[in-house]
Amino acid sequence: MIELNKKAAWQQSLTNLITDPKELIALLGLDASYAPKALEAAKLFPLRVTRSYVDRMQKKNPNDPLLKQVLPLDIECKTHPDFKRDPLQEQLVNPIPGLLHKYHGRVLMTLTSVCAIHCRYCFRRHFPYAENNPGKAGWEAILNYIKQDSHITEVILSGGDPLAVSDKLLMQFTEKLLSISHVKRLRFHSRIPIVLPERITREFLAWIETLPLQKVIVVHANHAQEINDEVKQMLVKLNNADITLLNQAVLLKGINDQVQTLIELSETLFASKVMPYYLHVLDKVEGAAHFDLSLEKAKQLHDALRQQLPGYLIPKLTQEQAGSPYKILL
Ligand SMILES: *Cc1c(COP(=O)(O)O)cnc(C)c1O
Ligand code: SF4
């Protein structure tokens, strides 16, 4: 047999995602009446989810907190005056394709437009990724931009999902980055450790451990049920590889809008060596209105958390505002 392409197992998994709502509905034993609505809503933003993540969902439960994050629903098709296609107006802080420079000292760049999962509430669900994915050809312009601004001490790789790219590509990019002496920190914003833990291979761990930068991975889990034993063990390995682990979550109606749910999330993260970092108020993106909670309710929940958890387990409640030079703390 000739080996045509030597894809790693995790890369195979990325090509074997669940993208057909009918398959998801059948796998979970849900009522077939969900299918036509899901197919309709998937035209706006396709279904995409890893098999590993689906394995953590409870069968026959349409209210499963993981399922609700990925199953397209017909209510997404309704427009709402306050919910916009580009709520953060990111296009305004987009100096060159693939680069966002919004906050002092940090730039955010996209290595790929691919995610391993499509979260229905994602503020980038309408983002013109195809036009904004620099690819390797765009690296030079980005690296030059970073080189010319010595205030930039941190590079954030964001999404798409930066861990969806191969180790080889990560190595090539970081090698170039290492030549810019004012860059001290490399941060990944990635949902992959949560939704595709097999991606964090021994090879990846060996590489990142020795990369001569300060490394941060901000993972993204919204509910403790997302963190099964496999995810937990992998997070501990990342921690052992000298990576600072933080979590960002989004406050979502019907998913994690209970004090007890948020307590369990913080405690499970901490038991997995991850510090709660941000709890984002939903960005008002078209199609996600049904996940929205009032600011008042968000603050109440956050206050209730503060009454029950040590300070270090309280994520900062934040809101992104178009045009603001920092995230708003609530
Ligand atoms: C959130 C965000 C960052 C990082 O902000 P921190 O407060 O450092 O976590 C950087 N750039 C953009 C565009 C962001 O949205
Ligand atoms: S960018 Fe993050 S939140 Fe948005 S769909 Fe991808 S994984 Fe989900």
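The values are calculated or read from the model by the stated rules, or taken from the named source; none is laboratory data. Fair warning: this is a prediction, and the values are worked out from it, not measured in the lab. Heads up, the Cβs are rebuilt from the backbone with ideal geometry, glycines too, and the neighbour counts pull from every protein chain shown. Surface accessibility is based on the protein's heavy atoms, side chains included, excluding ligands, DNA and RNA. Shrake-Rupley method; radii C 1.70, N 1.55, O 1.52, S 1.80 Å.
Brief remarks follow.
- Sequence of Arg48, Arg85, Arg187, Arg199 when ordered by accessible area, the most exposed leading, probe 1.4 angstrom: Arg85, Arg48, Arg187, Arg199
- Computed magnitude of the charge dipole of the chain (debye, nearest 20; Cβ of K, R +1, Cβ of D, E -1): 280 debye
- Backbone HN-Hα couplings from phi across the range 287-295 [Karplus 6.51/-1.76/1.60, Hz, Gly and Pro as x]: x, 10, 4, 6, 8, 7, 10, 5, 4
- For the range 87-329, with +1 on Lys and Arg beta carbons and -1 on Asp and Glu, the positive-most of Trp139, Leu293, Asn222 along the dipole: Trp139
- The chain, accessible area per residue, ligands and nucleic acids excluded (1.4 Å, Å²): 47 Å²
- Per atom type, the chain shows carbon and sulfur on 51% of its accessible surface, probed at 1.4 Å.
- Listed residue pairs exceeding 25 Å between alpha carbons, taken from Lys6/Lys215; Lys253/Lys327; Lys59/Lys284; Lys84/Lys176: Lys6/Lys215; Lys59/Lys284; Lys84/Lys176
- Per-residue HN-Hα couplings for the range 228-236 [Karplus 6.51, -1.76, 1.60; θ = phi - 60°; Hz; x = Gly/Pro]: 8, 4, 4, 5, 4, 5, 5, 5, 4
- Ranked by the mean number of other Cβ atoms within 10 Å of their residues, highest first, the peptides 64-71, 240-247 come out as 64-71, 240-247.
- J(HN,Hα) series, the range 313-330, from Karplus relation 6.51 cos²θ - 1.76 cosθ + 1.60, nearest Hz, glycine and proline x: 9, 9, x, 6, 7, 10, 9, 8, 10, 4, x, 7, x, 7, 6, 7, 8, 9
- The range 223-289 shape via C-alpha gyration tensor axes, a/c threshold 1.5: prolate
- Per residue, the chain reaches -9500 deg cm²/dmol at 222 nm when only DSSP H runs of four or more residues are counted, each adding -39500 (n - 2.57).
- Distance from the range 182-232 to the range 138-156 (C-alpha centre basis), Å: 23 Å
- DSSP bridge pairs, the range 77-188: antiparallel proportion in percent, nearest 5: 30 percent
- Summed side-chain charge close to Ala32 - residues other than Ala32 whose Cβ falls under 14 Å, Lys, Arg +1, Asp, Glu -1: 0
- Taking amide H as placed 1.01 Å from N in the peptide plane, the amide H of Tyr278 sits under 5 Å from that of Asn247, Gln248, Ala249, Lys316, each at least 5 places away or on another chain.
- Inter-part distance where the range 270-295 and the range 17-49 are each reduced to a Cα centre, Å: 23 Å
- DSSP assigns beta bridges within the range 87-329; of those with both partners inside it, close to 20 percent run antiparallel.
- Shape of the range 1-149 from the C-alpha gyration tensor: oblate (a/c of 1.5 or more and a/b not above b/c, with a ≥ b ≥ c the square roots of its eigenvalues).
- Value of relative contact order over the chain, rounded to a whole percent, pairs C-alpha under 8 Å and six or more apart: 17 percent
- Rg in Å to one decimal, and Dmax rounded to a whole Å, for the range 87-329 via C-alpha atoms: 17.6, 51
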